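I'd like to ask you about the structure that follows.
The values are calculated or read from the model by the stated rules, or taken from the named source; none is laboratory data. As the structure is a prediction and not an experimental result, all values here were calculated from the model. Please note: Cβ atoms are built from the backbone with ideal geometry, for glycine as well, and neighbour counts cover all protein chains shown. Ligands, DNA and RNA are stripped out before the accessible areas are found, and what is left, the full protein with its side chains, is counted by its heavy atoms. Shrake-Rupley method; radii C 1.70, N 1.55, O 1.52, S 1.80 Å.
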Amino acid sequence: QVQLVESGGGLVQAGGSLRLSCAASGRINSYVMAWFRQAQGKEREFVARISWGGSSEYYADSVKGRFTISRENAKSTVYLQMNSLKPEDTAVYYCAAGATIVSLTSWGQGTQVTVSS
């Protein structure tokens with residue numbers, strides 16, 4: 001397992017952009033990496049995932065076309081570029097890693113994203 005630390009969250013106006021980063025304590029070359037989010041009072045939901053080599057990406061319908069996940073294995077870092085942000089994107093965003101998308105064994109502590117209207 002690796003330790004994951006998210007950063008880059010903050011307060012932004014609707015229509016703005018943020019880039020989240022997820023730094024891992026070790027190599028992530030063999031891991032599927034994903035982003036999830038949890039809004040206050042709601043269950044955690046999937047946002048995006050990227051394959052170990054970066055050749056395959058998958059997004060939740062709610063963020064498709066606005067968010068982009070990417071990774072730099074040499075830096076053990078995964079990113080989430082978020083554009084055209086909406087108030088409904090407000091949540092704590094979590095980074096996760098695992099052998100597959102259904103076996104995510106490492107989770108970060110989250111970073112807060114708040115989008116004002």
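Based only on the alpha carbon positions, what is the Kirkwood hydrodynamic radius of the chain, in angstrom?
When all Cα pairs of the chain are included, the Kirkwood radius is 13.9 Å.
When all protein chains stay in place, what accessible area (Å², nearest 10, 1.4 Å probe) is found for Trp107?
About 100 Å², ignoring ligands and nucleic acids.
Per residue, how much accessible area does the chain have with a 1.4 Å probe, in Å²?
The answer is 52 Å² per residue.
In addition: Check Gly110: other-chain or 5+ apart residues with amide H under 5 Å from its amide H, H built from backbone geometry?
The answer is Glu6, Cys95.
Another question about this same structure. To the nearest 0.05, how large is the calculated FRET efficiency for Ser25 and Val102 if R₀ is 22 Å and r is the Cβ-Cβ distance?
The computed FRET efficiency comes out at 0.45.
Can you run phi through the Karplus equation (6.51, -1.76, 1.60; θ = phi - 60°) for the range 5-10 and list ³J(HN,Hα) in whole Hz, with x for Gly and Pro?
Here the 3J(HN,Hα) series is 10, 8, 8, x, x, x Hz.
Which GluC sites (Glu not before Pro) from the range 37-91 combine a DSSP loop assignment with at most 13 other Cβ atoms within 10 Å?
Glu43
Hey, how many Å between the Cα centroid of the range 49-117 and the Cα centroid of the range 1-19?
9 Å
While we're on this one: Compare Ala91, Ala24, Ala99 in a GNM of the chain, Cα atoms joined below 10 Å, and give the one with the largest fluctuation.
Greatest mean-square fluctuation among the candidates belongs to Ala99.
While we're looking at this one, here's another question. So which lysines can Lys86 reach, going by Cα to Cα under 16 Å and dropping same-chain residues fewer than 8 places off?
Hits, sequence-local ones excluded: Lys64.
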